[in-house]
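These notes are about the structure you will find just below.
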Amino acid sequence: MNHDVELTILIPALNEEKTIEIVIKKAQKWLEKNKVNGEILVSNNNSTDKTKEIAITNKARVIDVPEIGYGHALINGIKEAKGQYIIMGDADDSYNFLELDDFYKELINGYDIVIGNRFYHMEKGAMKWSHKYIGTPLLSYIIKKKYKINLKDVNCGLRGFKKNAINNLNLKCGGMEFASEIIVKAKQANLKIKEIPINFYKDKRNGKSHLNTIRDGLKHMKIIWNINSI
């Protein structure tokens, strides 16, 4: 790992041509403002639009991940990241990369994983009713009870972590259930985890979400109950 790069801002991307330039520019502005030696890494998850070309034009580093899946994009991105620390966030501008200060501060302060809590301030229409009142609260409750992890938003996609700590977790989940896997395995490894409040905004792509509520929810449940089987 190249310690000359302190922070990697990791963006998984699947057909994000409408918003990828926006999020890259915000990430660049945050790095410049805070004088952090960092890189922006786009993990291109087999996009068929102009996502890759736009990212390269905007001076992001791009890796190609042919296996479709949120987890595949992130696992490969984490492996290829040059930073000592990594902050990951979606490419749809629902997370504002100008608002990374608390993530960076808590990583510097010694936390291994820092997870956002979208329920602190959520723009109207940013989350489906079923996810807001059923899916995410239910998964958060089950993880809390089974693994004694007191988190209110286990599905939040804005997270920061130390690369060397995450490398030891042997992450395998290729889909959205990656979000639960990393939390449970981090707890089992006695990593220091902290949840912080964030702002959550509407998806700016105005297109179909990559989430499949029932399918992905069942995959989360399977991982939570059978984490040692993967």
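A few comments on the model shown:
- Of all residues making up the stretch 5-25, the number that are buried (at least 20 other Cβ atoms within 10 Å of the Cβ) and among the charged types (D, E, K, R): 1
- Scanning the stretch 48-74 for residues that are at positive phi and surrounded by 20 or more Cβ atoms within 10 Å (Cβ to Cβ) gives a single hit, Gly69.
- The single residue among Tyr104, Tyr111, Tyr85 that is at pLDDT 95 or above and under 16 Å from Lys26 (Cβ atoms) turns out to be Tyr104.
- Within the stretch 15-33, residues that are touching a residue at least 12 places away in the same chain (Cβ under 8 Å) have Cβ atoms under 6 Å from residues that are of a type in the set (Asp, Glu) and surrounded by 22 or more Cβ atoms within 10 Å (Cβ to Cβ) in these pairs: Thr19/Asp92, counting only partners at least 6 apart in sequence or on another chain.
- Residue count for the stretch 135-162, restricted to those that are crowded, with 19+ Cβ neighbours inside 10 Å and part of a helix (DSSP H, G or I): 5
- Taken together, Lys132, Lys124, Lys79 contain a single residue that is surrounded by fewer than 23 Cβ atoms within 10 Å (Cβ to Cβ), of a type in the set (Lys, Arg) and within 23 Å of Asn190 (Cα to Cα), which is Lys79.
- Pair list, Cβ < 6 Å and 6+ apart or interchain, from the stretch 88-109 residues that are of a type in the set (Phe, Trp, Tyr) to residues that are in a loop (DSSP other than H, G, I, E, B) and buried (at least 17 other Cβ atoms within 10 Å of the Cβ): Tyr95/Gly89; Tyr95/Leu158
The values are calculated or read from the model by the stated rules, or taken from the named source; none is laboratory data. Keep in mind the model is a prediction, meaning the values are calculated, not measured. Counting neighbours? That spans all protein chains shown, and the Cβs are built from the backbone with ideal geometry, glycine included.
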